[in-house]
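Where a number appears in this text, it was derived from the coordinates with a stated rule and is not lab data. Predicted, not measured: the structure shown is a model, and the values here were computed from it. So basically every Cβ, Gly included, is an ideal-geometry build from the backbone, and we count neighbours across all protein chains shown.
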Amino acid sequence: MFRTTTELVLLDVQVIHKKTATSTAALRPKDLQVFENGRPQKITFFSRDELPLSIAMMFDMTATSQAVLKGLADGARSALTQLKPSDEVAVMVYAAHGRVIDGFTTDRERTVAAIERAAGENEPGGAFFNEAVWEAAELLSN
């Protein structure tokens, strides 16, 4: 009988140039060394931010946030331009509970429309941020 186990460990790395404080774009696997308990490890996979992101945008719908909600929506809309085409975004609102306005999509126009719908809403009561984050985590795990 033959038994073996393997583990792939994901290691995110960002190398910053000391003088310019900018990220080094030309990083290659041969430029890195990874050690575990003092022993060098083989790098079996290397990518440059190629995996898509799943982002849940959450907007506080309570009365105390209404004054800044339009600005937040504009900022979120602007942030969409920084995403890769394969990144997906969901839009959620929360007050007493979280609610999905629009599920995950790579369609930026659809996401902008959902953000605009969210900015026009208002819910009475307090903001239960922890509950909303829990609901967003559930959405991301599906």
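Seen through its C-alpha gyration tensor, with square-root eigenvalues sorted a ≥ b ≥ c, segment 20-61 comes out prolate because a/c lies at 1.5 or above while a/b is bigger than b/c.
Restricting to DSSP loop positions (anything but H, G, I, E, B) with no more than 10 other Cβ atoms inside 10 Å of their own Cβ, which trypsin sites (Lys or Arg not before Pro) remain in segment 30-98? Can you show the working numbers first?
Values: sites: Lys30, Lys42, Arg48, Lys70, Arg77; in loops: Lys42, Arg48.
Sparse-neighbourhood loop trypsin sites (Lys or Arg not before Pro): Lys42, Arg48.
Database remark: amide H of Ala56 closer than 5 angstrom to the amide H of Ala90 (H placed geometrically; neighbours at sequence offset of 5 or more, or on other chains; Pro and chain starts carry no H).
For the chain, the membrane-span-like helices by this rule, meaning whole DSSP H stretches whose C-alpha atoms cover at least 20 Å of axis and whose Kyte-Doolittle mean is -1.0 or above, are 66-80; this says nothing about an actual membrane. Each label point was placed 7 Å from the Cα along the Cα-to-Cβ direction; for Val15 and Thr81 their separation is 3.1 nm.
Most mobile of Gly38, Gly120, Gly103 per a Gaussian network model of the chain (Cα springs, under 10 Å)? Of the options given, Gly38 has the highest mean-square fluctuation.
Once the cut-off is 19 Å, how many percent of the Cα-Cα pairs in segment 12-82 end up in the long-distance tail? All intermediate terms of the calculation are to be shown ahead of the outcome.
Values: 1541 of 2485 pairs.
Above the 19 Å cut-off, segment 12-82 has 62 percent of its Cα pairs.
Using a cut-off of 24 Å between alpha-carbon atoms, which lysines can reach Lys42, once sequence neighbours fewer than 8 places away in the same chain are excluded? Those lysines meeting the cut-off are Lys30. Thinking of segment 54-141 as a set of Cα atoms, what percent of all their pairs are more than 19 Å apart? When all Cα pairs of segment 54-141 are counted, 34 percent exceed 19 Å. Considering only Glu36, Glu109, Glu121, the mean-square fluctuation computed in a Gaussian network model of the chain, springs between alpha carbons under 10 angstrom, is largest for Glu36. Taking a ≥ b ≥ c as the square roots of the Cα gyration tensor eigenvalues, segment 46-86 comes out prolate, since a/c reaches at least 1.5 and a/b is larger than b/c.
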